[in-house]
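The structure appears below as structure tokens.
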Amino acid sequence: MELFNLLDKNGKIQISIIHYLLDKNLTADISTLLNDLAVTPFLFNNNIEELAFILKELELDLSLEINHKKNQVTLKKSNQTNLDKLYYYYLQESTKYQILLHLYHRSSYSIYELSQRFLISEAAVYRHITKLNDLLEEFNIKIWRGKMTGDELQICYFFFQLIWNSVPLEDLHQKENDRNRLLFVSFLEKKLKQQFGTTTRLKLYLWIWVLKKRTKKLTNPPSVETMAILGKDYLEDPIYQLVRESYFLSVSPSAEFQFEYKATYLYLFISSLFVLDRSHRSLLPSNDWPTFNARVIQLNQMVVEQVKTAYRLDSEDIDQQFIQEWKYFLTQLHSTIVYFKGNITFFEEEMLVERLVNQSIFTPNFELVQAIIQETEDILGFALLETTKQLVTRIHLYFINQMRRFSQLTIQIGIFCNRDNLQTNIMMESIKNEFDTKFYIHCEEADVNKEYDLLISDSAFATQQFSFKDLYIINDFKTHTDILALTHLLKDHSKKEGI
């Protein structure tokens, strides 16, 4: 779910203007902005005035300036500006968002009640709920007959995601005044022998808060679906045992937060949403995947084997610290996919993938990721939602990019300068500095007894003595044109060799 879709029309326009200016180095030509955002001059003028007023009222160290002579608009910001408060302001103005919060706090509603509260017609309430149900579909829950319906674990997860991704963290921190929550998390730290960071503590406080709020009057055990995803081995997990023990030692039999299934929900949350410290290994299998869920292990192993096969990787060639780090990350990712449905961001996940690819990965292997996703769906027995696919794509592209560092499949580059042997070494270091972090290359002084994918020289003279697929001539010194041309050649070789 994209929270941006909950905003009203003017809110969307105003947020889009802010992001457009941030992408355009804070200043933009107004006519170009109108064209790129498909906004009429009338809507722009109305919204730019309102936006300027809102920025001033919220005191975000953001301000707008319009230069009518140059027909330009400029955004001014400090280095400490956080847009979360701005997003939250627009969400609070959104009727759809307020309906969701109403269902969180009160569990049920009547159409008449909502129409009176939000000063809209009953027909408008029905329209909002219909649109919300379209967005809630990815969580496999919906609003029906006056309440949120579906698997209770998924409902709790939805509300956790909604609040975590919409409310500024500073505001959430101020709600940590529940003494029972504070004591429970402190006790859990002692049992797990782990000191939670500030953000992790906040996650736990919110999850417990959601469980208390949602399940205050419920005594239903986890659903058949929830028990099925747990598998039969979770009871042996020492983390589950400690979470359950901590839970029952921390509450009295008469407390609201008392039913055993809540301990199960806590365990699922703690074991899948980056709560456990990656370096905290004493409670986890020392030489295996840090999980007792057979399906999660199967997914982890499948991803690693796919990448190792694609790049001819041997486990002995991979740094052990890297292996431990990514055992943790893959386990958290796949646990989340197995246990929970849906994902919430403010903007579309596809944009995050695009930015990652453009800024971090020169030769993204989408074919390999697609094969991994297909096998993931085969193992799970159902198709991943599009938003989940985009999230998985983003993480796996990064994982593949990191794993490729240990591959023997590299682009072999030979450097040969006719006029000056010292220039060979200077050019070799220059090529390494420019491309070593972008492509998987091995760069050396050219040897007549070796074969190279790319030979780089200062002249075509005497290059016939070498064996190579491509030749590139650099004239005296490396220029921007040379960098672009070499980048194109290296991209081509990466695709041909599957590097």
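The values are calculated or read from the model by the stated rules, or taken from the named source; none is laboratory data. As the structure is a prediction and not an experimental result, all values here were calculated from the model. Neighbour counts are summed over all protein chains in view; Cβ atoms, including those assigned to glycine, are modelled from backbone coordinates with ideal geometry. In case anyone asks, the SASA skips ligands and DNA or RNA and just uses the protein heavy atoms, side chains included. Shrake-Rupley method; radii C 1.70, N 1.55, O 1.52, S 1.80 Å.
Values as computed for the structure displayed
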quantity	calculated
Residue within region 473-485 that is open to solvent by less than 80 Å² (accessible area, probe 1.4 Å) and closer than 25 Å to Ala310 by Cβ present	no
Residue within region 151-163 that is in a helix (DSSP H, G or I) and open to solvent by 20 Å² or more (accessible area, probe 1.4 Å) present	yes
Complete set of residues in region 166-186 that are under 28 Å from Leu7 (Cβ atoms), part of a helix (DSSP H, G or I), of a type in the set (S, T, N, Q) and open to solvent by 20 Å² or more (accessible area, probe 1.4 Å)	none
Leu55 modelled with pLDDT under 90 and open to solvent by less than 80 Å² (accessible area, probe 1.4 Å)	no
Check on Asn45, over 30 Å from Thr149 (Cα atoms), of a type outside the set (Val, Ile, Thr), open to solvent by 60 Å² or more (accessible area, probe 1.4 Å) and part of a helix (DSSP H, G or I)	yes
Unmet requirement for Gln80, which otherwise passes all of (1) assigned to a helix (DSSP H, G or I); (2) open to solvent by 90 Å² or more (accessible area, probe 1.4 Å)	(1)
Ser94 vs. criteria touching a residue at least 12 places away in the same chain (Cβ under 8 Å) and either open to solvent by 20 Å² or more (accessible area, probe 1.4 Å) or of a type in the set (A, V, I, L, M, F, W, C) (or both)	no
Residue under evaluation Ile30, criteria (1) farther than 22 Å from Ile344 by Cβ; (2) open to solvent by 30 Å² or more (accessible area, probe 1.4 Å); (3) touching a residue at least 24 places away in the same chain (Cβ under 8 Å), criterion not met	(2)
Complete set of residues in region 420-468 that are in contact (Cβ under 8 Å) with a residue 12 or more places away in the chain, within 27 Å of Gln402 (Cα to Cα) and open to solvent by 70 Å² or more (accessible area, probe 1.4 Å)	His442, Glu445, Glu451
Matching residues in region 187-228 - criterion: being open to solvent by 40 Å² or more (accessible area, probe 1.4 Å), at pLDDT below 85, in a loop (DSSP other than H, G, I, E, B) and not charged (D, E, K, R)	Leu218, Thr219, Asn220, Pro221
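Here's the yes/no breakdown for (1) of a type in the set (Gly, Ala, Ser); (2) over 28 Å from the mean Cα position of the chain (by Cα):
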residue: Asn71; (1), (2): no, yes
residue: Leu75; (1), (2): no, no
residue: Lys85; (1), (2): no, no
residue: Arg106; (1), (2): no, yes
residue: Asp134; (1), (2): no, no
residue: Gly146; (1), (2): yes, yes
